[in-house]
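Visitor: Here it is, the structure in full.
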Amino acid sequence: MSRVEKQIVVDVPVEAAYDQWTQFESFPSFMDGVERVVQHDDKTLSWSVKVAGKREEWTAEIVDQTPNTRIAWKSTQGTENAGAVLFAPLGAGRTQVTLAIEAQPEGIIEHIGDAAGFLDRQVQGDLERFKEFIETRRTPTGAWQGEIHGEEVVRR
């Protein structure tokens, strides 16, 4: 399993950065290759992405979500992956966003891409596009401030 961790500073308050990240269905707006994300309920997401000309699909479950701090997930069906995004306020309307992803390359093309640093560049590019997206908008497209810890979902 490959692991990549990248971070970026965005010039918006932590609440705005976090709230935008909870809008999973907007990910195709700033994540390269993401064709569609469908949120079925508070915890379950279906992903469809195109990587190196190949379509990958999976279902993911949010396993931990703490407002303005952290969102963590793991795949439950399809392409194996897991990760977390962390939000740290830096004061003066700035936020550090850290994205860590673990993914299992499948097949020779993905193993070659992994060795060439494809996932590393993909994650960095996605963070840079997120920065541009949220800084241009200044306000998120929506928000969800509930909490998820394992099987427990608390709506606010």
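The values are calculated or read from the model by the stated rules, or taken from the named source; none is laboratory data. Predicted, not measured: the structure shown is a model, and the values here were computed from it. Every residue, glycine as well, gets a Cβ built from its backbone with ideal geometry; the counts of neighbours run over all protein chains shown. With ligands, DNA and RNA removed, areas are computed over all heavy atoms of the protein, side chains included. Shrake-Rupley method; radii C 1.70, N 1.55, O 1.52, S 1.80 Å.
Visitor: Of all residues being farther than 30 Å from residue 13 by Cα and aliphatic (A, V, I, L, M) in segment 45-84, which is most open to solvent (accessible area, probe 1.4 Å)? Just the residue, please.
Guide: 52
Visitor: Follow-up. Tell me the residue from 74, 50, 6 that is in contact with an Asp or Glu (Cβ under 9 Å, 6 or more places away or on another chain), closer than 28 Å to residue 154 by Cβ and either among the basic types (Lys, Arg) or free of Cβ contacts under 8 Å to residues at least 12 places away in the same chain (or both), please.
Guide: On the way: 50 fails: closer than 28 Å to residue 154 by Cβ; 6 fails: closer than 28 Å to residue 154 by Cβ.
Of 74, 50, 6, the one residue that is in contact with an Asp or Glu (Cβ under 9 Å, 6 or more places away or on another chain), closer than 28 Å to residue 154 by Cβ and either among the basic types (Lys, Arg) or free of Cβ contacts under 8 Å to residues at least 12 places away in the same chain (or both) is 74.
Visitor: Something else now. Of the numbered conditions (1) surrounded by fewer than 13 Cβ atoms within 10 Å (Cβ to Cβ); (2) at pLDDT below 95; (3) assigned to a helix (DSSP H, G or I), residue 113 satisfies every one except a single condition; which is it?
Guide: Evaluating residue 113 over (1) surrounded by fewer than 13 Cβ atoms within 10 Å (Cβ to Cβ); (2) at pLDDT below 95; (3) assigned to a helix (DSSP H, G or I) leaves (1) as the failure.
Visitor: Residue 42 - would you say it is open to solvent by less than 40 Å² (accessible area, probe 1.4 Å), farther than 18 Å from residue 81 by Cα and more than 14 Å from the chain's Cα centre (by Cα)?
Guide: Working: open to solvent by less than 40 Å² (accessible area, probe 1.4 Å): yes; farther than 18 Å from residue 81 by Cα: yes; more than 14 Å from the chain's Cα centre (by Cα): yes.
Taking the combined requirement at face value, the residue satisfies it.
Visitor: Given the conditions (1) more than 20 Å from residue 135 (Cβ to Cβ); (2) open to solvent by 40 Å² or more (accessible area, probe 1.4 Å); (3) modelled with pLDDT of 95 or more; (4) not acidic (Asp, Glu), and given that residue 9 satisfies all but one, which numbered condition is not satisfied?
Guide: In the conditions (1) more than 20 Å from residue 135 (Cβ to Cβ); (2) open to solvent by 40 Å² or more (accessible area, probe 1.4 Å); (3) modelled with pLDDT of 95 or more; (4) not acidic (Asp, Glu), residue 9 misses (1) alone.
Visitor: Please enumerate the residues belonging to segment 12-38 that are small (Gly, Ala, Ser) and at pLDDT 95 or above. Quick ask: steps written out before the conclusion?
Guide: Here is the first cut: in segment 12-38, the residues small (Gly, Ala, Ser) are 16-17, 26, 29, 33.
Residues satisfying the conditions are 16, 17, 26, 29.
Visitor: For segment 119-136, how many residues are more than 18 Å from residue 34 (Cβ to Cβ) and either touching a helix residue (DSSP H, G or I) at 6+ places or on another chain (Cβ under 9 Å) or free of Cβ contacts under 8 Å to residues at least 24 places away in the same chain (or both)?
Guide: As a first pass, look at segment 119-136 and keep what is more than 18 Å from residue 34 (Cβ to Cβ): 135-136.
Retained after the next criterion (residues that are either touching a helix residue (DSSP H, G or I) at 6+ places or on another chain (Cβ under 9 Å) or free of Cβ contacts under 8 Å to residues at least 24 places away in the same chain (or both)): 136.
Qualifying residue count for the region: 1.
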